[in-house]
Amino acid sequence: MNEFQVISHKSNQVTLTNQSHSMYGHIRILEPSIMNVKLSEKEEIELPTWTVTPGDTDLPYQGLSRQFMKPFSCPNYDFINNENTIEITTSKLKLIIEKKGFYLTWYQLKANGEFEEVLTDRQTQSYKHQISSNHPTCHYLQRDEAEMYFGLGEKTGKVNKHGRRFRMMNIDAMGYNAETTDPLYKHIPFYITYKPDIEQSIGIFYDDYQDSAFDFGQELDNYHGAYRYYETKSDFLDYYVIGGPKIKDVTKQFSWLTGRPTKMPQWGISYSGSTMQYTDLPHSQKLLEDFLNQCNQHDIAVRSFHLSSGYTSIKDKRYVFNWNYDKFPNPKEFGKSFVDQGVQIVANIKPSLMVNHPLLEEVMEFNGFINDEAGEPLLVQFWDDQGYYLDFTNPQTITWWKEQIKTKLLENHINCTWNDNNEFEIWDSNAQVHGFGNGGNFNDYKSIMPLLMMKASREIQMDYHQERFPYVISRSGCAGMSKYVQTWTGDNRTSWHTLKFNNQMAIGLSLSGVYNFGHDIGGFSGDKPDPELFLRWVQCGAFYPRFSIHSWNEDGSVNEAWMHPEVLEEVKGAMHLHERFVPYIQYLVGQAHEAYEPIIRPTFYEFEHDEHTFRDGDDFLLGDRLLVCPIIEQGQTKREVYLPNNEEGWINFHNRKEYEGGRTITVDVALDHIPLFVKKGTSIPMYDDDLKVVEDKRF
């Protein structure tokens with residue numbers, strides 16, 4: 001009964017079914033290094049895709065058919081239908097399918113022209129149909145102890161995820177432990193397998209929006225040998241295998257597969273002020289004006305301000321799109337005053353209307369909320385009260401959302417949106433959506449709700465300002481979010497521990513197609529940072545494309561550049577250095593857009609030939625030529641730095657001392673900077689000290 005036979009082979013697609021026709025398998029040959037596998041009980045998967053949008057593919061709100069082939073090159077391939085197996089071979093990949101049971105083995109082309117095995121289904125029950133009809137949808141693969149697993153987007157802990165188990169779902173994880181907490185804010189079910197013994201890498205992406213789980217060796221079962229798995233609440237399996245052979249090959253192709261990363265205005269890279277306390281307190285407008293005055297007084301360049309949700313408050317609750325006129329007597333004058341000073345306001349907006357919201361009835365009238373099983377608006381926990389989540393699969397909701405942004409924000413010179421608290425935490429498994437007229441279960445759409453929200457926000461900003469690349473930021477998201485927004489790693493907790501592991505979390509995002517991001521500098525929640533921690537966080541954060549000091553300290557204090565006079569000059573120096581690096585970071589944003597290259601990179605991204613770069617470390621690359629070595633230990637006076645092996649060597653950014661690559665050096669740790677090394681023979685575009693002229697600094 002588990003024998004699979006080919007029932008169709010045409011247009012780069014092979015369709016198989018078992019004898020009872022209770023399971024269908026589709027293999028699509030899309031690119032020389034990309035194939036797609038679909039397994040379902042129906043002949044076709046009806047739910048569209050919102051994440052597979054290769055290159056510049058336009059994404060309609062209602063999604064795209066999972067069968068569409070237009071954006072792909074659909075290369076030539078060899079097809080052999082043997083008695084017991086099926087072989088599909090492109091110029092880069094080979095797939096062998098065992099007909100009995102449907103077991104897949106993947107091979108990748110080596111430099112010598114031979115194919116080598118790189119990915120193999122577990123040979124004892126790898127899919128649901130091999131286990132039980134009431135087992136969750138799953139995919140079990142063989143695991144080798146030497147393998148390394150990178151990716152999954154925004155996940156805690158070390159860069160190599162081997163031995164960890166993760167839930168893939170969007171959740172508001174305020175104050176998370178950056179080493180252990182799981183899950184977090186983003187849903188990116190993609191990872192790279194690196195096999196060091198053969199120096200081959202291969203990626204796998206599950207195009208799925210339901211809650212799911214990955215296990216990379218935490219689970220052990222005597223009957224099956226070493227294995228890893230993916231398990232989902234969806235009733236189908238739809239995954240893409242993305243060949244290397246290098247890690248950078250997989251990352252760039254995955255970025256292409258999920259859509260071209262957007263560019264943004266250059267001011268979006270410069271320092272952005274932010275704190276929750278300013279808008280939570282009375283006379284918020286005066287506090288924000290004082291903030292700009294302080295920046296001017298201390299000669300700190302600031303180009304934007306993230307306006308927290310307190311501007312919408314009624315008493316102690318937040319009501320999105322509602323202006324609190326006690327705090328902001330004249331929003332239009334407020335917005336214009338900031339814009340006239342060269343500072344853009346990025347306003348916080350949330351996808352839920354609290355009970356008693358002034359605009360609640362407007363949305364009720366067109367049934368614009370996510371509903372319960374009976375078709376009534378579903379009231380759920382939101383913040384410290386209850387609210388109704390907007391349904392972005394309803395075209396009327398999208399239209400209403402855009403109109404609110406236009407009239408409440410854009411017409412008040414508030415030109416940018418901060419899409420926040422958009423994890424859509426609905427725990428009712430029977431919740432329903434409009435589904436663009438088709439209806440549907442909310443859980444099928446869960447992780448793409450923030451994507452549709454940010455898409456709507458971006459479109460109205462583009463239309464209103466006739467701007468091709470507006471600034472939009474979102475906390476939550478899924479694969480493909482880089483098409484629309486900058487992001488950050490959510491509400492981190494103030495500690496040296498967080499500073500260390502936020503940098504490692506960054507690598508997971510960068511290898512998963514999310515390139516334009518940063519962290520809340522200084523830590524968002526918990527105690528305020530002491531002078532040394534605050535300084536080291538600013539010095540590290542200065543090398544990220546999102547550079548914002550943002551906080552909600554438990555003692556009511558505010559993280560500001562001038563909060564610790566004893567390190568003020570050093571903090572100002574780091575912030576000034578960030579502004580000098582803006583041309584280089586903007587160049588890297590352009591490279592992400594043009595060439596699908598990450599901005600923040602692990603050292604092994606550029607130096608995969610050097611096995612030392614795969615060892616646990618705290619250093620990272622900004623682009624392909626600047627090695628950043630954060631100080632993540634209190635009171636550190638010396639720092640060991642491993643300089644990746646290259647032919648050119650390295651130059652100390654601060655004193656121009658030259659070093660050979662492939663060696664560990666010890667450098668003295670100064671208070672006024674962190675160690676930086678530039679690949680010898682390269683240049684970095686930087687502003688001069690007056691931030692007026694861009695110079696090409698040669699090293």
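With both labels modelled 7 Å from their Cα along Cα-to-Cβ, the residue 11 to residue 672 distance reads 6.7 nm.
Taking GluC sites (Glu not before Pro) across the stretch 502-571, the ones in a DSSP loop with at most 16 further Cβ atoms lying within 10 angstrom of their Cβ are 554. Annotation: extensible slack from residue 115 through residue 663 equals 193.9 nm (criterion: 0.36 nm per residue apart, minus Cα-Cα distance). Taking a Cβ cut-off of under 12 Å around residue 578, the surrounding Lys, Arg, Asp and Glu residues balance to a net charge of +3, with basic ones at +1 and acidic ones at -1. Straight-line reach from residue 528: which lysines have Cα under 19 Å away, leaving out those fewer than 8 places along the same chain? Result set, ordered by chain and number: 500, 572. How about residue 408: which lysines have a C-alpha closer than 19 Å to its C-alpha, ignoring those fewer than 8 places off in the same chain? Cα-Cα hits under 19 Å: 317, 327, 332, 336, 350, 455.
Counting only DSSP beta bridges with both residues in the chain, the antiparallel share comes to about 80 percent.
A straight Cα-to-Cα reach below 23 Å connects residue 679 with the lysines 246, 248, 252, 638, 657, 697, residues fewer than 8 places away in its own chain not being considered.
The separation of the stretch 479-505 from the stretch 339-385, counted between C-alpha centres, amounts to 25 Å. In a reduced charge model with +1 at each Lys and Arg Cβ and -1 at each Asp and Glu Cβ, the stretch 1-135 shows a dipole moment near 120 debye about its Cα centre. Protection proxy ranking for 9-22, 677-690, 347-360, using the average of other Cβ atoms within 10 Å per residue and placing the highest first: 347-360, 677-690, 9-22.
Which of rounded, prolate, oblate describes the stretch 483-638, given a ≥ b ≥ c as roots of the alpha-carbon gyration tensor eigenvalues and a/c under 1.5 marking rounded, otherwise prolate only if a/b is larger than b/c? Prolate, because a/c is 1.5 or more and a/b exceeds b/c.
List the pairs from 186/315; 233/402; 70/483 whose alpha-carbon separation is above 22 Å, in the order I gave them. Beyond 22 Å between Cα atoms: 186/315; 233/402. The Stokes-Einstein estimate for the stretch 148-270, based on a Kirkwood radius over Cα pairs and taken at 25 °C with 0.890 mPa s viscosity, is a diffusion coefficient of 154 µm²/s.
Placing +1 on each Lys and Arg Cβ and -1 on each Asp and Glu Cβ, with no other charges, gives the chain a dipole about its Cα centre of roughly 1060 debye. Overall, the anisotropy analysis places the stretch 1-160 in the rounded class: the square-rooted eigenvalues a ≥ b ≥ c of its C-alpha gyration tensor yield a/c less than 1.5. With a simple spin-label model that places each label point 7 Å from the Cα along the Cα-to-Cβ direction, the separation between residue 165 and residue 336 comes to 6.0 nm.
Once you sort the root eigenvalues of the Cα gyration tensor of the stretch 314-380 as a ≥ b ≥ c, which label holds: rounded (a/c under 1.5), prolate (a/b larger than b/c) or oblate (the other case)? It is prolate, given that a/c is not under 1.5 and a/b is the larger ratio. Out of the stretch 452-502, which trypsin sites (Lys or Arg not before Pro) are coil in DSSP terms and have no more than 13 other C-beta atoms within 10 Å? Counting only loop positions with at most 13 other Cβ atoms within 10 Å, the trypsin sites (Lys or Arg not before Pro) in the stretch 452-502 are 468. The chymotrypsin sites (Phe, Trp or Tyr not before Pro) found in the stretch 168-240 that occupy coil by DSSP, while having at most 10 further C-beta atoms within 10 Å, are 223. Applying 1/(1 + (r/R0)^6) with r as the Cβ-Cβ distance of residue 430 and residue 67 and R0 = 30 angstrom yields a FRET efficiency of 0.55. For residue 668, the shell of other residues with beta-carbons less than 14 Å away shows a net charge of +1, using +1 for Lys and Arg and -1 for Asp and Glu. Remark: the chain carries 36 Å² of accessible area per residue (probe radius 1.4 Å; ligands, DNA and RNA excluded). Any idea how far the Cα center of the stretch 244-284 sits from the one of the stretch 536-569, in Å? Their Cα centres are 19 Å away from one another. Extension gain, residue 2 to residue 124: 0.36 nm times the residue separation minus the Cα-Cα distance gives 42.6 nm.
The values are calculated or read from the model by the stated rules, or taken from the named source; none is laboratory data. On a predicted model such as this, the values are computed, not experimentally measured, just so you know. As a convention, Cβ positions derive from the backbone with ideal geometry for all residues, glycine included, and neighbour counts pool all protein chains shown. Accessible surface is based on the protein model in full, side chains and every heavy atom, while ligands, DNA and RNA are left aside. Shrake-Rupley method; radii C 1.70, N 1.55, O 1.52, S 1.80 Å.
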